[in-house]
1. Considering only residues that are within 12 Å of chain B (Cβ to nearest Cβ) and free of Cβ contacts under 8 Å to residues at least 12 places away in the same chain, which ones fall in the stretch A:65-99?
2. Can you name every residue in the stretch B:247-278 that is under 16 Å from B:Ser74 (Cβ atoms) and buried (at least 18 other Cβ atoms within 10 Å of the Cβ)?
3. From the list B:Glu225, B:Glu256, B:Glu273, pick out the single residue that is touching a residue at least 60 places away in the same chain (Cβ under 8 Å) and acidic (Asp, Glu).
4. Would you list the strands (runs of 3 or more DSSP E) that sit entirely within the stretch B:27-145 and hold 2 or more residues that are within 30 Å of B:Gln238 (Cα to Cα), in contact with a Lys or Arg (Cβ under 6 Å, 6 or more places away or on another chain) and not hydrophobic (A, V, I, L, M, F, W, C)?
5. Quick check: is even one residue across the stretch B:93-116 in contact with a strand residue (DSSP E or B) (Cβ under 9 Å, 6 or more places away or on another chain), modelled with pLDDT of 95 or more and over 26 Å from B:Arg32 (Cβ atoms)?
6. Have a look at A:Glu60, A:Glu7, A:Glu24 and point out the one that is assigned to a helix (DSSP H, G or I) and more than 22 Å from A:Gly205 (Cβ to Cβ).
7. Say we look at the stretch B:38-71 and pick out the residues that are small (Gly, Ala, Ser) and surrounded by fewer than 23 Cβ atoms within 10 Å (Cβ to Cβ); which of these is nearest to B:Leu254 (Cα to Cα)?
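The values are calculated or read from the model by the stated rules, or taken from the named source; none is laboratory data. None of the values given here were measured: they were computed from a predicted structure. Every residue, glycine among them, receives a Cβ derived from its backbone with ideal geometry; neighbour counts consider all protein chains shown.
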Amino acid sequence: MRQRFHEDLAALEAEVEELGGIVERQIGDAVAALARRDAGLATAVIARDDEVDGAYLDIERRILDLIALQTPVASDLRLLSAILHINLHLERVGDGAVNIAKIATITQELPHDPTILEHLQEMSDIVRGMLRISLEAFTRRDLELCLKLPALDDPVDVLNRGMYRKVLNLAGDPAALEWGIRMNTVARQLERVGDHAVDVGEQVGFLLTGEFREFVDSSHKEPLTDGS
Amino acid sequence: MIREEDATGREHRDPGIVSLPEEPVDEPRANRAMFVLDGFDLYFGRAHILKGITLEIPSNQVTAIIGPSGCGKSSLLRSLNRMNDRVPGMRVEGKVLFEGDDVYGQSVDPVTLRRRVGMVFQRPTPFPMSIFDNVAYGPRLHGLAKRSELDRVVESSLRDAGLWDVVKDTLRKPATALSGGEQQRLCIARTLAVDPEVILLDEPTSALDPSATTRIEELLQRLAERYTIVIVTHNMQQAARVSEDTAFLLSGELVEFGPTDKIFRAPDDRRTEDYVTGRFG
């Protein structure tokens with residue numbers, strides 16, 4: 001019946017999943033550039049963002065075309081809505097990678113603290129895993145899998161809050177403190193990636209159940225005390 | 001979505017996160033049931049047209065019936081005012097209650113029933129007479145003869161059908177001179193003229209162009225404030241646009257009945273899903 005439409009939908013889904021893979025690698029590369037003080041890699045991450053933005057815009061335009069021309073309903077409508085939102089979340093993850101890569105570039109000459117870098121590497125590993133899980137839940141239409149995301153996000157929040165104290169320890173040395181403040185921003189960017197992964201999971205939940213539900217109501221979280 | 005506190009401790013919503021609107025909470029339906037179908041079967045000879053239909057059609061709203069060709073949706077519509085009576089071998093089982101009375105009961109006069117439950121068809125069917133006489137036809141048939149009364153009924157029916165301003169100066173002209181969309185609104189005015197409670201419409205816009213279709217759809221939504229409207233349509237977007245509830249029929253069975261937004265956003269039954277998304281039919 002509407003075979004062409006359903007083929008277009010499947011192609012869009014495959015491309016948003018591919019975009020997910022790209023931005024996840026971008027985060028990995030940006031943090032690696034930071035840890036290894038690799039200016040070339042940082043520049044490559046920034047340059048690749050054009051590819052990310054191009055894919056994002058192309059997916060969005062095609063979603064709007066399908067909505068306008070095919071008047072999708074029911075699961076088709078939910079899938080398009082989910083892709084539209086997931087696409088935006090992934091683009092934001094890509095922006096986060098660029099922000100981290102820029103910080104890597106401007107902090108190259110500053111003294112650094114290996115503990116903080118390990119801390120950031122750990123955050124990066126967790127949130128990249130969360131992104132992979134959220135996209136796998138999308139591909140497999142796996143509600144149980146995406147419901148695991150909020151719990152995975154908890155250690156990220158804890159690590160993000162812990163950064164503040166670690167940075168304060170650098171207060172004696174202005175150059176180290178400047179570096180530390182930048183690293184606090186990196187932690188914040190990585191924490192946002194975790195939030196985006198949870199939000200992707202919420203979209204998968206909507207796709208599968210027809211009901212939009214927040215997995216975490218952050219307005220009722222415990223107060224954020226450590227300055228994050 | 002993620003909410004967070006800013007430096008002042010006030011909560012704000014991060015503008016960077018996209019959210020969908022909250023689900024509306026299902027409110028109890030204020031409308032009463034105009035029709036109650038209870039295990040209703042319809043046979044034409046040996047053909048089993050409708051199978052065990054159980055359904056409540058609420059008053060003062062638009063209810064849509066959708067389904068592929070031959071699913072029985074027009075037969076279901078015609079069962080509500082006994083338009084199927086003349087089909088050879090017609091036989092029913094179960095009940096159709098209209099305001100609590102059994103439509104197929106001994107005491108029901110089909111002519112009275114059809115006045116209270118009017119019908120508009122796929123193709124406009126103006127009678128070969130003037131615009132005025134078309135609208136006055138029903139009231140005259142039911143004994144209204146006084147000229148001033150007829151004038152009043154014709155005007156108010158044409159106004160309600162959104163046609164008065166178009167035809168008020170040409171009431172004596174033949175109805176067949178009107179455009180297709182105007183003829184269909186004339187047919188709606190003719191139905192309204194006998195003061196019905198229910199208007200049944202069988203694909204009323206399938207012969208009309210998009211702008212005439214839009215006018216009819218807007219008219220139906222206005223009329224739903226005062227009348228109960230049941231529409232059979234092949235156009236699923238029309239069902240989505242105009243109706244509060246939608247019934248999906250397949251092979252004479254009622255597969256799913258519920259709020260239209262639910263049917264088109266997240267239907268319960270796989271067959272409804274496949275039909276509305278165009279995977280079959």
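1. Selection gives A:Thr71, A:Val73, A:Ala74, A:Leu77.
2. Filtering the stretch B:247-278 down to residues under 16 Å from B:Ser74 (Cβ atoms) leaves B:247-254.
Listed by number, the residues that qualify are B:Ala247, B:Phe248, B:Leu249, B:Leu250, B:Gly252, B:Leu254.
3. Values: B:Glu256 fails: touching a residue at least 60 places away in the same chain (Cβ under 8 Å); B:Glu273 fails: touching a residue at least 60 places away in the same chain (Cβ under 8 Å).
From the options B:Glu225, B:Glu256, B:Glu273, the qualifying one is B:Glu225.
4. Details: elements: B:33-44, B:47-58, B:62-66, B:90-98, B:117-120.
Output list reads B:33-44.
5. No, the stretch B:93-116 has no match at all.
6. On the way: A:Glu60 fails: more than 22 Å from A:Gly205 (Cβ to Cβ); A:Glu24 fails: more than 22 Å from A:Gly205 (Cβ to Cβ).
After ruling out the rest, the residue left standing is A:Glu7.
7. Step one: of the stretch B:38-71, the residues small (Gly, Ala, Ser) are B:39, B:45, B:47, B:52, B:59, B:64, B:67, B:69-70.
Within this subset, residues satisfying the condition of being surrounded by fewer than 23 Cβ atoms within 10 Å (Cβ to Cβ) are B:39, B:45, B:47, B:52, B:59, B:69-70.
Numbers: B:Gly39: 11, B:Gly45: 21, B:Ala47: 17, B:Gly52: 8, B:Ser59: 20, B:Ser69: 14, B:Gly70: 13 Å.
By that ranking, first place goes to B:Gly52.
Conditions (1) of a type in the set (Ser, Thr, Tyr); (2) within 18 Å of B:Leu208 (Cβ to Cβ), marked per residue:
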| residue | (1), (2) |
| --- | --- |
| B:Ile231 | no, yes |
| B:Phe248 | no, no |
| B:Ser251 | yes, no |
| B:Leu254 | no, no |
| B:Phe257 | no, no |
| B:Lys262 | no, no |
| B:Pro267 | no, no |
| B:Arg270 | no, no |
